[in-house]
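Read-outs: derived from the displayed coordinates by stated rules, not from any lab. As the structure is a computational prediction, the values presented were derived from the model and not from experiment. Positions of Cβ are generated from backbone atoms using ideal geometry, with glycine treated the same way; all protein chains shown enter the neighbour counts.
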Amino acid sequence: MQLTAVSDSELLVQFRNPVTKERAFTSIIKKYQEKLYWHVRRMVIDHEDANDVLQNVFIRVWNGLENFREDSQLYTWLYRIATNETLTFLEQQKKRTAVSLSDVESGLSNKIKADRYFDSNKLEWKLQLAIQQLPEKQRIVFQLRYYDEMPYEEMSRVLETSEGALKASYHHAVKKIEDYIKNH
Amino acid sequence: MAKNDIIQELSQLESSFSNVPARNIYVVPQGYFEGLAGRVMSRIKALDSTNPQEELNYLSPFLNSISRELPFSVPQNYFRELPEAVMEVIRNHEDYQTAEEELSSLSPMLSNIGNKNPYAVPEGYFENFGKDINLKSDNKPAAKVVSLVNRQWFRFAAAAVVIGFVALTGINLFFNNHTIPTSNTHRWVEENMNKVSTDEMNSFIQADDEGSKGKEVATAGTSDIRELMKDVSDNDIQDFLNKTNAGNDESESDADILLN
């Protein structure tokens, strides 16, 4: 049975049946793991951190899926959990090291530079450094739109922000990134 | 209000601002106004665009032209192994199963039966339950609660058991410490008999002889004996005497052991 062939609503029905619950959940993980992983990874940079956050995301999903109301899409709901879990992780990291958010951002930039494949001459690495200069929320908006090409309507449900504010945020983010890359 | 009027007003108020030239101190980026109209139009088109790529093309043709491929890497087989790794964490989590799921996995049969209570109560039982209690408590005095532990006889019985136990243990210990060693019985007798004087020994033998000859019995009244013995047959008396003699013989043999 192909994963793409099974709809979210069918997986949810299977999840609610104790006999097929675990199999359905494994299918949900397989279906969304890469999208969610990269969403988290782009925010926390380090693979180990991304792995920790992602596992916590799926544990939360396991505990909450029983009560998930199908008036919103599963995909949107998963992104919301992943985003909140990532922001919580970054907040905890900030508290643990007792530093300001800008220090965390420069810490993330240092993590990028510490990557064994990092090459400051390559545009894709410059882009990653440019993204880290953005404020946290703007960074999420940019990444959801630029990499995941998420419609504003969905993004609005994920981030619980108006579509207009998201469009403005994306516009500012694009301009800042363009400027950074041109000047570095 | 005209600009001159404002300056005049400031002069009347003797404000130092009246001498400050009204000049803009702020600056804009070079070429800002030249490109503003184009940028606004790009933004409007971006807002109306139907897909993210078209939108980005209006906002930043440069960003739209570069690769979106991420430069990060993941460990080999990470995504293949992730579902099982997550399930392993979930299985070890305390909230892994609800009570219903736990029962379903342990015993599908019991799970199918369900946990519905099969017992029934009389109609209106719970509705009237409180009323019944109130009624009973109004009419009847509360029953006295008697504690078994508080009863006096119970305390005495407990004390007697403890005293009895202590006494029995003491007696047992006392006799255990004064037993005659069986293996050296003859030696023990010899040692102790050496301490006894000849006169004491003679008086003991004499007393024993007198007892065995039935002098105590002779002192009793003859009429009483006849009254007591009237229902006893001669054969029974003969048996008794035979047994008594045998008993005396045994006593003599014991005395032999003691004296030898």
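Assorted remarks:
- Exposure proxy ranking, count of Cβ atoms within 10 Å, fewest first, for A:Asp119, A:Asp8, B:Asp231: B:Asp231, A:Asp119, A:Asp8
- Contour excess over end-to-end distance, with Cα ends at A:Glu124 and A:Leu87 and 0.36 nm allotted per residue: 10.9 nm
- Here each label is just a point 7 Å from Cα along the line to Cβ, and for B:Arg68 and B:Asp48 those points are 2.3 nm apart.
- Of A:Tyr79, A:Tyr170, A:Tyr147, the one that fluctuates the most in a GNM where chain A has Cα springs shorter than 10 Å: A:Tyr147
- Neighbouring Cβ atoms from other chains, within 10 Å of the Cβ of residues in B:58-67, number 4 on average.
- Restraint check, A:Lys182/B:Lys45; A:Lys30/A:Lys95; A:Lys35/A:Lys113; A:Lys35/A:Lys94; A:Lys30/A:Lys175, Cα-Cα greater than 29 Å: A:Lys30/A:Lys95; A:Lys30/A:Lys175
- Once the chain from B:Asn242 to B:Glu100 is taken as fully extended at 0.36 nm per residue, the excess over their C-alpha distance is 42.2 nm.
- Percentage relative contact order, chain A, counting C-alpha pairs under 8 Å, at least six apart: 18
- For the segment A:109-115, counting C-beta atoms of other chains within 10 Å of every residue's C-beta and taking the mean gives 1.
- Springs between Cα atoms under 10 Å define the GNM used for chain A, and in it the highest mean-square fluctuation of A:Ile29, A:Ile81, A:Ile131 occurs at A:Ile29.
- Dipole magnitude for region A:42-184: computed about the Cα centre from +1 point charges on Lys and Arg Cβ and -1 point charges on Asp and Glu Cβ, it is near 500 debye.
- Which of A:Leu11, A:Leu87, B:Leu110 has the fewest Cβ neighbours within 10 Å, and the rest in rising order: B:Leu110, A:Leu87, A:Leu11
- Taking chain A as a Gaussian network of alpha-carbon nodes connected by springs under 10 Å, the highest mean-square fluctuation of the residues A:Ala130, A:Ala173, A:Ala114 belongs to A:Ala114.
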